[in-house]
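> Pasting in a structure now, in structure tokens, and then I'll have a few things to ask.
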Amino acid sequence: MPRHEFLQSSAFRLAGVFVGLLSAALLLVGWLFYSTLSGELLEHLDERIDDQVALFENQLKNDGEAGLTALIQRHIETGDADDRLFYLGRGGTRLSGVDLPEAAPGSRGYLTRADDEGEDKVYRYAARKLGDHDLVVAFEAEHIEEMNAILRRILTWFIPLVLGFAVVLALVFARRSQSRLSGFRQSLARVADGELSVRLATAGTNDDVNRFAREINLTLARLQTTVEAIRQVSTDIAHDLKTPIGRLSIAIESALEKLNAGADAEPDLQQARAEADTINRTFDALLRISQVEAADRTSRFARLDFSRIIENLVDAYEPAVEEKGARLSVDLT
């Protein structure tokens, strides 16, 4: 099949629509997967931060500023200083923890701070106002960024691979479907050239294309039967008219000879007229048959009582049947 015909085919367009819809679906699913998993990780980290803030808030209520300062210091000494950061201040003065960028009370966000080795690390923080104290709690968020980066890499490779595989499959099936349609077109072209015995190729499946091909083959079979019947009718007409036309020609020639000889040609002319009437009745009969088959001449149609016909047949054949020692009976009820 020429390339330009394939690119203009409906199969190719359907393949393009399929790939487009699949691309949109993959992008949507990938975005939902990425945003859901990233949101779950972030929500879990915020819950840990909120638990830590609640612990410090209870400590401040129970033991006052000194107790909260001591608790923060113990967290710093017993934990990894690079994983969690704390700031407790009052009136802009740091009371405990480390210096962190100023944050509005009630806010959340990310901040970047260099660790002991001088590398920047990303933290998720929450700022709270506890009375006249300012509290900032920050937990490391590097694992969230790493997980997001992994997800992005997976989706970056997965979606193109799936799309590439889908494009190949779509083109293969489109080419296969178009090849079948091209075969149908070639077969129908042969039928148009007069090869009425040609049929469309069908497979063992029961898909819509094969059902369509079977319907076309049934139509072609009926067309072939009709054409053959027309040919047979033409042959029969030629055969039926050959004898009357021959006798008409003979009668006309005989009449001409008698006229030239000065003899009476009326009998020959009468015979020629009779042959012409025979030919005319033959054509009238053929015309009536065509009209009846086309349902154009049904005004004189009437119901036929087959029971009387059958009774007459029984009366005619019953003696012959009884002579053979058999019995003929008919139930018309």
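> Within the stretch 216-245, track down each residue that is under 30 Å from ARG185 (Cα atoms) and among the hydrophobic types (A, V, I, L, M, F, W, C). Talk me through it step by step, then tell me what you get.
Keep residues of the stretch 216-245 that are under 30 Å from ARG185 (Cα atoms), which gives 216-232.
ILE216, LEU218, LEU220, ALA221, LEU223, VAL227, ALA229, ILE230 - these are the residues of the stretch 216-245 that are under 30 Å from ARG185 (Cα atoms) and among the hydrophobic types (A, V, I, L, M, F, W, C).
> Looking at (1) outside the structural domain of ASP50 (by TED's automatic domain parsing); (2) touching a Pro at 6+ places or on another chain (Cβ under 6 Å), which one does ALA170 not meet, given that it meets all the others?
(2)
This table checks each residue for (1) touching a residue at least 12 places away in the same chain (Cβ under 8 Å); (2) outside the structural domain of LEU151 (by TED's automatic domain parsing); (3) in a strand (DSSP E or B); (4) among the aromatic types (Phe, Trp, Tyr).
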{"position": "PHE18", "(1), (2), (3), (4)": "yes, no, no, yes"}
{"position": "LEU22", "(1), (2), (3), (4)": "yes, no, no, no"}
{"position": "PHE33", "(1), (2), (3), (4)": "yes, no, no, yes"}
{"position": "GLY39", "(1), (2), (3), (4)": "no, no, no, no"}
{"position": "ASP51", "(1), (2), (3), (4)": "no, no, no, no"}
{"position": "ASN62", "(1), (2), (3), (4)": "no, no, no, no"}
{"position": "GLN73", "(1), (2), (3), (4)": "yes, no, no, no"}
{"position": "LEU88", "(1), (2), (3), (4)": "yes, no, yes, no"}
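> State which residue is surrounded by the fewest Cβ atoms within 10 Å (Cβ to Cβ) when the search covers only the stretch 264-289 and only residues that are small (Gly, Ala, Ser) and touching a helix residue (DSSP H, G or I) at 6+ places or on another chain (Cβ under 8 Å).
Here is the first cut: in the stretch 264-289, the residues small (Gly, Ala, Ser) are 265, 272, 274, 276, 285.
With the extra rule that they be touching a helix residue (DSSP H, G or I) at 6+ places or on another chain (Cβ under 8 Å), the set shrinks to 265, 272, 276.
Working: ALA265: 19, ALA272: 20, ALA276: 15.
The extreme case among them is ALA276.
> Give me the pairs: first residue in the stretch 296-309 and outside the structural domain of LEU332 (by TED's automatic domain parsing) and modelled with pLDDT under 65, second residue not aliphatic (A, V, I, L, M) and not in a loop (DSSP other than H, G, I, E, B), beta-carbon distance under 8 Å, and six or more apart or on different chains, which are they?
Sorted first by the residue in the stretch 296-309, then by its partner, the pairs are ARG297/ARG288; ARG297/GLN291.
> While we're looking at this one, here's another question. Only one of ARG222, ARG180 is of a type outside the set (Val, Ile, Thr) and surrounded by fewer than 16 Cβ atoms within 10 Å (Cβ to Cβ). Can you tell me which? Step through it out loud before you land on a result.
Details: ARG180 fails: surrounded by fewer than 16 Cβ atoms within 10 Å (Cβ to Cβ).
After applying the criteria, what remains is ARG222.
The values are calculated or read from the model by the stated rules, or taken from the named source; none is laboratory data. Bear in mind that the values here come from a model prediction, so they are computed numbers and not experimental data. Methodologically, a virtual Cβ is constructed for each residue, glycine included, from the backbone with ideal geometry; neighbour enumeration extends over all protein chains shown.
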